[in-house]
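A.B. asks: Please see the structure below; I have some questions.
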Amino acid sequence: VLIVCYCGGMKQTIFTNKNFFKINIDDYASQKEAKVIVESFKECVDIFYTTFNALRKDTKKKASEFETIFGNAESKTMLVVLNSLYDIKSLLGSEIKFMRQSFFFDRKHQKHADVLASANLDKKYVSIYNPFFEKDFRKEDNRGGVIFHELAHLVGLKDESELNNIKSAECLKNFALLVSGRVSVEDVVDNNNENIEKSKDSDEEDRKST
């Protein structure tokens, strides 16, 4: 099936194994970077459809994964997650725009050199930053997962917590990576524990500096 890619004013066609998609990469991305974005988007699509099709067929078979990521496997939790996936499916039916920028700056104009990508909810595009291309991805994530995370933001999942939150883009991404076989339960739990420790260290540094 076809992905139509508009990159720097040039129209490219890329074949994948799912559906018809259109992505638009601005001309600030080099050809090499555009290729990475396209391959990452294809990975994202595969992660999405593997997860979506598994849930649509039988949510109960994924009860263990639900409980690991969201804390429970109740019907209402499963329904919320499935509805979020339907929203992403609808989004994938439109043109996805990628903006190439160097780094993320917050509302206070503070530079965050570790941010890989972000989503603009008002204008509906995904920004891709330098670290997206530079990061040495470990087993608990990949570039396709990063894009999946940003698409989850674009459909309204604003939170960032790793586990136990049906309104979190990161939770949904972790669930999709788990269901699609990209990560193990141990990978997700270990990464969550590591990030908790980093957060504690950061809070401690903030206290020392005040």
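A.B. asks: At a 10 angstrom cut-off on C-beta neighbours, averaged per residue, how do the peptides 72-78, 96-102 rank from highest to lowest? Spell out each step's value before the answer.
C.D. replies: Details: 72-78: 14.0, 96-102: 18.4.
Result, highest mean Cβ count within 10 Å first: 96-102, 72-78.
A.B. asks: Also, I was wondering about something else. Sort Ile166, Ile147 by heavy-atom solvent-accessible area, probe 1.4 angstrom, most to least.
C.D. replies: On the way: Ile166 65, Ile147 0 Å².
Ranked list, largest accessible area first: Ile166, Ile147.
A.B. asks: Provide the per-residue ³J(HN,Hα) series for the stretch 79-85, in order, calculated from phi with Karplus coefficients 6.51, -1.76, 1.60 and θ = phi - 60°, each as a whole number of Hz, with x at glycine and proline positions.
C.D. replies: Couplings: 5, 4, 5, 5, 5, 5, 5 Hz.
A.B. asks: Still on this structure, please answer the following. Ranking request for peptides 44-55, 79-90: highest mean number of other beta-carbon atoms within 10 Å first, then the rest in descending order.
C.D. replies: Most protected by this proxy first, the peptides run 44-55, 79-90.
A.B. asks: Any idea how far apart Asn83 and Asp136 come out in nm if each label point goes 7 Å out from Cα toward Cβ?
C.D. replies: Output for this residue pair reads 4.3 nm.
A.B. asks: What does the extension gain come out to for Asp190 and Ser64, with contour length at 0.36 nm per residue minus their alpha carbon separation? Intermediate values should be presented prior to the final figure.
C.D. replies: Values: separation 126, 0.36 × 126 = 45.36 nm, distance 1.73 nm.
Taking 0.36 nm per residue and subtracting the Cα distance, the gain is 43.6 nm.
A.B. asks: What FRET efficiency, computed as 1/(1 + (r/R0)^6) with R0 = 25 Å and r the Cβ-Cβ distance, is obtained for Lys22 and Asp122, rounded to the nearest 0.05?
C.D. replies: With R0 = 25 Å, the Cβ-Cβ based efficiency is 0.75.
A.B. asks: Using the structure shown, select from Lys62/Lys123; Lys35/Lys97; Lys123/Lys167; Lys89/Lys135; Lys35/Lys62 the pairs with a Cα to Cα distance greater than 25 angstrom.
C.D. replies: Lys62/Lys123; Lys89/Lys135; Lys35/Lys62
A.B. asks: Hey, can you rank 60-71, 103-114 by average C-beta count inside 10 Å, highest first?
C.D. replies: Going from most to least packed, we get 60-71, 103-114.
The values are calculated or read from the model by the stated rules, or taken from the named source; none is laboratory data. Just so it is clear, the model here is predicted, and its values are computed rather than measured. Counting neighbours? That spans all protein chains shown, and the Cβs are built from the backbone with ideal geometry, glycine included. Accessible surface is based on the protein model in full, side chains and every heavy atom, while ligands, DNA and RNA are left aside. Shrake-Rupley method; radii C 1.70, N 1.55, O 1.52, S 1.80 Å.
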